[in-house]
Amino acid sequence: MSDGPVTSLIQAPGPSASPSAPQPAPVPVLEMRGVSVRWGSNTVLDGVDLRLEPGERLAVVGPSGAGKSTILRVLAGLMLPTTGELRIHGVPQTYLRLDQRHPPDVRLVFQNPALLASLSVQENVGFLLYRHSRIPEREIRERVSRALEAVGLYGVEDLLPGELSGGMQKRVSFARALIEDPSQPAGLQPLLLFDEPTAGLDPVACTRIEDLMVRATEVAGGASVVVSHVMSTILRSAERVVLLYDGLLRWRGSVEDFQVSDNAYVEQFRTGSLEGPMQPAEL
């Protein structure tokens, strides 16, 4: 006789005893299908296919001028592909973000904090709530305080950005990305985009920002894409990596595979060698 619980041996009569129907696969948070971007005769992206599943953290890497920032601008709705299709939560994106009445929940964290200097930290972090909701002031302050606490800031709500250090300003920009847009439909994961968030930072500051990226994605309940060429950022903040060079995706795989791959592009990127298929844009 089975060692399992007695209830496991009881079968209900009728159709309910039959195996349940398979559940449909989740809709990707984003999907790029054959996306190309051209400026005159210059091809910046060439037939890029990219897919991000719910909860995933993806790093887009490559040397300067490879097209990484262009991918980020397309995902953020700041520019449209010349050809191909971008879908976010299964919905084709055929208009720029500013031209959409109900744009998708895409939250861009810039390399620089991009805070509004004339607004307090409270107003910067809670900007969407003040603009798009009828939430009482007290609740907005509570939400903003929770977002600031999540990035390790306390009691700075009434300060202006100019009264904060550069590192604190960057953390405020992460807190802003945690605020849920009340105009968005429930149940869809936000897409967080990080643009070279650790460029120019010392190793200790990099570690703090990398940890914040992972935490921000988890707290927001979203999926993320980081554009970076900093190895520690790639290894600490992402689960999957794609390498872009000359507008083409040259490699894709897990972070673990990225560290040991013998792909010529990956090896050259990891080692920083001048020998290999990638050449610096300035040479």
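Here, each number is a calculation from the coordinates, and none is a lab measurement. Everything numeric here is computed off the predicted structure, so don't read it as measured data. Cβ atoms come from the backbone with ideal geometry, glycine included; neighbour counts cover every protein chain shown.
Sites counted here are chymotrypsin sites (Phe, Trp or Tyr not before Pro) in a DSSP loop (not H, G, I, E or B) having no more than 12 other Cβ atoms within 10 Å; the longest part of the chain that contains none of them is 155-283. Here is the P(r) of region 104-240: all C-alpha pair distances, binned every 10 Å from 0, give 12, 45, 34, 9, 0 in whole percents. The HN-Hα couplings worked out from phi for region 119-129 by the Karplus form 6.51 cos²θ - 1.76 cosθ + 1.60 (θ = phi - 60°) are 9, 5, 4, 3, 6, 5, 5, x, 3, 5, 5 Hz, whole numbers, x standing for Gly and Pro. When Leu244, Leu249 are sorted by how many other C-beta atoms sit within 10 angstrom of their C-beta, beginning with the fewest, the order is Leu249, Leu244.
Measuring gaps between exposed loop sites in the chain (trypsin sites (Lys or Arg not before Pro); DSSP loop; at most 11 other Cβ atoms within 10 Å), the longest gap, sites not included, is 135-283. Recomputing Cα extents along the principal axes in Å from the coordinates shown identifies the correct label among (i) 74, 53, 40; (ii) 51, 41, 40; (iii) 60, 57, 39 as (i).
Over all other residues within a Cβ to Cβ distance under 12 Å of Asp46, the charged ones net out to 0, with Lys and Arg as +1 and Asp and Glu as -1.
If exposed means no more than 16 neighbouring beta carbons inside 10 Å and the site is in a DSSP loop, what's the longest run of the chain without any exposed GluC sites (Glu not before Pro)? That gives 1-238 as the longest site-free run.
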